[in-house]
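Here is the structure we will look at, set down as structure tokens.
The values are calculated or read from the model by the stated rules, or taken from the named source; none is laboratory data. Computed from a predicted structure; not experimentally measured. Ideal geometry is used to build each Cβ from the backbone, glycine not excepted, and the neighbour counts take in all protein chains shown. Heads up: the accessible areas ignore ligands, DNA and RNA and are worked out on the full protein's heavy atoms, side chains in. Shrake-Rupley method; radii C 1.70, N 1.55, O 1.52, S 1.80 Å.
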Amino acid sequence: MMQITFFRSIWGMEEPTLEKNLKRIKEAGFDGVEMMVPLDKPGQQKLSTLLQDLELDLIASQWAAHGNTFSEYLQSFETHLYANAHLNPLFSNSQTGKDYYSPEQTSQLIERAAQIAQETQVPVLHETHRGKFTFHTRSTEYFLQKHPDLRLTADFSHWCTVCESYLEDQKEIMELAISRTDHIHARVGHPQAAQVSDPRAPEWQEALQHHLHWWDAIVANHQKKGSAVLTICPEFGPYPYLPQEPYTQKPLADLWEVNVYMKDLLQKRYSSD
């Protein structure tokens, strides 16, 4: 039977220390944390010790690579992937490249990530995300066809926004993306934003059902393949992803509650699988 494990992103956590944030994640029943690995050795050691003590798994994020030129970006990209590998995470989840990089530059990043993955034995997944090479369905399809070993983290909320739809007319592209997905970011978006205010609200049930349909298909695909484990991270984030009241700046929902709700919903939904 395939095991589904749940991760909480450190993004939006508000406890005063890393240790307290990780303890809260553990106490809420998550199996691990998704976060960027520090680039400095003391920071890496501290995180490693906390993860071991709390018995939390790690999905290492890569979202901070930067540079004014492509060569600078590539060097930063490599630095973060190597840093991630120091803590032996399940995999690196990478927001890769820029939406304006040429196809040749993007392919260079994909190939370099594959080389580092082979060298370090830490797989690299590429997250579907605005501003990156995976910003749009059609651009992602091109690279999925060009690079047969390319694997994805599915955050389809971004595609809903970029395409201003629930992607009903792109079934073939969605089926291809689903077949190449190894990790789910379980955030619900809609045609005008990458995050609904509260997925529990009746006005957002249509959006939730579209995402559940895609996530069900990913789970079914991994069951069919005989995968041992599939990872899911409810990834609702803070303002400006989470809308807030004007003037008072009060969030329209409790971010912690929303992420725990999504974990519990999917845990129950897939418990018999």
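Counting only protein heavy atoms and a probe of 1.4 Å, the accessible surface of segment 153-192 is 45% carbon and sulfur. At full extension, H213 and Q108 could sit 34.5 nm farther apart than now, given 0.36 nm per residue minus the alpha carbon distance.
For the chain, the solvent-accessible area works out to 47 Å² per residue, with a probe of 1.4 Å and every protein chain left in place. Apolar share of the accessible surface for segment 47-125: 45 percent from carbon plus sulfur atoms, 1.4 Å probe. Its relative contact order, with pairs defined as Cα atoms under 8 Å and 6+ residues apart, puts segment 42-129 at 29 percent. Per DSSP helix of 4 or more residues, -39500 (n - 2.57); summed, then divided by the residues of the chain. What does that give at 222 nm, rounded to the nearest 500? So the helix-based figure for the chain works out to -14000 deg cm²/dmol. Computed from the C-beta positions of E55 and K224 and an R0 of 41 Å, the FRET efficiency is 0.85 to the nearest 0.05.
A Förster radius of 41 Å, combined with the Cβ-Cβ distance separating A193 from E119, puts the computed FRET efficiency at roughly 0.60. The alpha carbon convex hull volume per residue for segment 51-160 rounds to 101 Å³. With the largest listed first and rounded to whole Å, the semi-axes of the equivalent ellipsoid of segment 17-103 from the Cα gyration tensor are 28, 13, 10. Each 5 Å bin from 0 upward holds the following percent of the Cα-Cα pairs of segment 87-137: 5, 23, 26, 24, 14, 7, 1. When its C-alpha radius of gyration is set against 2.2 N^0.38 Å (N residues), segment 191-230 gives a value of 1.49.
For segment 122-241, what is the Kirkwood hydrodynamic radius in Å, using each pair of distinct C-alpha atoms? Kirkwood hydrodynamic radius for segment 122-241: 14.5 Å. Taking 0.36 nm per residue of sequence separation and removing the Cα-Cα distance, the R130/L265 pair yields an extension gain of 46.0 nm.
At an R0 of 41 angstrom, the distance between the Cβ atoms of S165 and T248 translates into a FRET efficiency of 0.80. Shape descriptor for segment 135-187: Rg over Rh equals 0.93 (Cα atoms; Rh from the Kirkwood inverse mean 1/r). Between A201 and S71, full extension at 0.36 nm per residue minus the direct alpha carbon distance yields a gain of 42.3 nm. Convex hull volume of the Cα atoms of segment 195-273, normalised per residue: 92 Å³.
Taking every protein chain into account, the 1.4 Å probe leaves D155 with about 0 Å² of accessible area, to the nearest ten. Cross-link partners for K132 among the lysines, with Cα-Cα distance under 19 Å and sequence neighbours closer than 8 places in the same chain left out: K98, K146. Calculated over the chain, the projected area of the Cα convex hull averaged across directions stands at 14.9 nm².
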